[in-house]
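We did not get these values from a lab; they are worked out from the coordinates using the rules stated. This structure is a prediction, so every number in the text was calculated from the model and none was measured. Cβ sites come from the backbone with ideal geometry, for glycine too, and all protein chains shown count toward neighbours.
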Amino acid sequence: MTQTAHRRPSNERPDVMQAVICHGPGDYRVERLPVPVPGPGEALLRVEAVGICASDVKCYQGAAKFWGDESRPAWAETEVVPGHEITGRVVAIDDAAAIRWGGREGQRVVVEQIVPCWACRYCANGDYHMCQVHNIYGFKRATPGGMQEYMTVPAGSLVHPISADIPPAHAAFAEPLSCSLHAVERAALTFSDVVVVAGCGPIGLGMIAGAVAKSPAEIVALDLDSRKLELAARTGATVTVDVGREDAVARVLDLTGGYGADVYFEATGHPSAVVQGLNLLRKLGRFVEYSVFKDEVSVDWSIISDDKELDVRGAHLGQNCWPAAIRLIEQGRLPLDDICTHQLPLADVARGLDLVASGQESVKVSLLP
Ligand SMILES: [Zn+2]
Ligand SMILES: [Zn+2]
């Protein structure tokens, strides 16, 4: 059994650990669970940090995307450990997993949020982020997430090494950053583009960092929070607009000789930002939607057709963008000391979710299990 041969002596690990369990919307409890035992081809991680995502908050609040409504079944499951923005140390790994991931014991890694089935038509085509089975860590019983002290990494996972010199909360930022970079790739930026990023939370700031790497003409950041706009400028936005004080559409038209922006990234999750984007794009512009919405959005779709012939592109997860996300973090290309505002113990999960929900004092909130 090579699998056991590569494990550390069991006396270095406790038998029980703390974990957060989702029992349903609004009902997340900190409980004690047995430390999981990895099976063949799997690894065991000592979780060092797990970021709290806006999607975790929407799941906690009971959004229809997760718990279903008249028109769709529930996707999330109860009795699951939440958390998909995961970094940790490998504490046990067998030969099969070590060969697949190039990993070893003691290594610091980040784990892609989706565990692809590798059998559906999307996985077969390399579009593993749209896997039909869609097991994302922290939402399904098949893939318990990172809000626990130890977690198993199933065989189908995508695991990447990341420098151990980086603070754990910064390493876990690879997950949202991979999503931002995928959105940037969806936009197919060119050097002459005037790019607008709506929402300077973790995803929007990552989009700015990704856009900077593609060198467009201008990167315009929109937000209501001057502190987030300051982070946007430090991340590389060339123009910042406080939409509470200034008319974003007028500012962008002014900046573009009356034409409008080439690309609009929507990363606020607010319906009004969708309308704003349609209004400030030029004809033939690209609208990239990343947000998960709590409420439905209604817009005049004739802007997309008759008025502007827009290209509307969705974006989900971070297909093939993890190596770039890790590189940007390791190169210090984002002001992560100030983006990662809160690191809390596991027991403070409710406070962490509230901090993300209000967004008033936090940008990125992480738990350190
Ligand atoms: Zn996330
Ligand atoms: Zn699949």
Original post:
How high is the FRET efficiency from SER358 to ASP165, r the C-beta distance, R0 30 Å, rounded to 0.05?
Top reply: 0.40
Subject >> Rounded D (µm²/s) - the range 317-369, Kirkwood Rh over Cα pairs, Stokes-Einstein at 4 °C, 1.567 mPa s >> reply: 103 µm²/s
Original post:
Could you state the principal axis extents of the C-alpha atoms in the range 205-336, from the largest down, to the nearest angstrom?
Top reply: 45, 31, 28
Original post:
Picking from GLY332, ALA183, GLY201, whose Cα lies most toward the positive end of the charge dipole for the chain (charges on Cβ: Lys, Arg +1; Asp, Glu -1)?
Top reply: GLY332
Original post:
What distance in nm separates the simple spin-label points at HIS23 and ASP69, each placed 7 Å from Cα in the Cβ direction?
Top reply: 2.7 nm
Original post:
In which sequence would MET130, MET151 go, from the one with the fewest C-beta neighbours within 10 Å to the one with the most?
Top reply: MET130, MET151
**OP:** Fewest Cβ neighbours within 10 Å first, please rank PHE139, PHE191 accordingly.
**Re:** PHE191, PHE139
Subject >> Mean Cβ neighbour count within 10 Å, used as a protection proxy, ranking 205-214, 251-260 highest first >> reply: 205-214, 251-260
**OP:** Using Cα pairs closer than 8 Å and at least 6 residues apart in sequence, work out the relative contact order for the chain, in percent.
**Re:** 18 percent
**OP:** Within the range 198-297, list the GluC sites (Glu not before Pro) lying in a DSSP loop whose Cβ has at most 15 other Cβ atoms in a 10 Å radius.
**Re:** GLU246, GLU296
Original post:
With each label point set 7 Å from Cα along the Cα-Cβ vector, what nm distance links ASN125 and SER192?
Top reply: 3.1 nm
Original post:
Taking the Cα atoms of the range 40-170, what is the range of coordinates along each of the three principal axes, in descending order and whole Å?
Top reply: 47, 33, 22
Original post:
PRE reach from TRP118 (point 7 Å along Cα→Cβ): which of the range 77-111 fall under 11 Å by backbone N?
Top reply: 97, 100-101
Subject >> Among the listed pairs LYS65/LYS228; LYS140/LYS294; LYS58/LYS283, those beyond 25 Å (Cα-Cα) >> reply: LYS65/LYS228; LYS58/LYS283
**OP:** Consider a paramagnetic label point 7 Å from the Cα of VAL292 along Cα→Cβ; state which residues of the range 78-110 have an amide N under 11 Å from it.
**Re:** 83-85
**OP:** Would you mind ranking ARG186, ARG100 by Cβ crowding within 10 Å, fewest neighbours first?
**Re:** ARG100, ARG186
**OP:** In nm, give the distance between the simple-model label positions of ARG227 and LEU344, each being 7 Å from the Cα along the Cα-to-Cβ direction.
**Re:** 1.5 nm
Subject >> Equivalent-ellipsoid semi-axes of the range 156-278, from the Cα gyration tensor, Å, largest first >> reply: 27, 16, 13
Subject >> Model label zone, LEU284; criterion: amide N under 15 Å from point 7 Å along Cα-to-beta-carbon; scope the range 175-190 >> reply: 190
Subject >> As computed over the chain, the Cα convex hull volume per residue (Å³) >> reply: 133 Å³
Original post:
Dipole size in debye (nearest 20) for the chain around its Cα centre, Lys and Arg Cβ +1, Asp and Glu Cβ -1?
Top reply: 840 debye
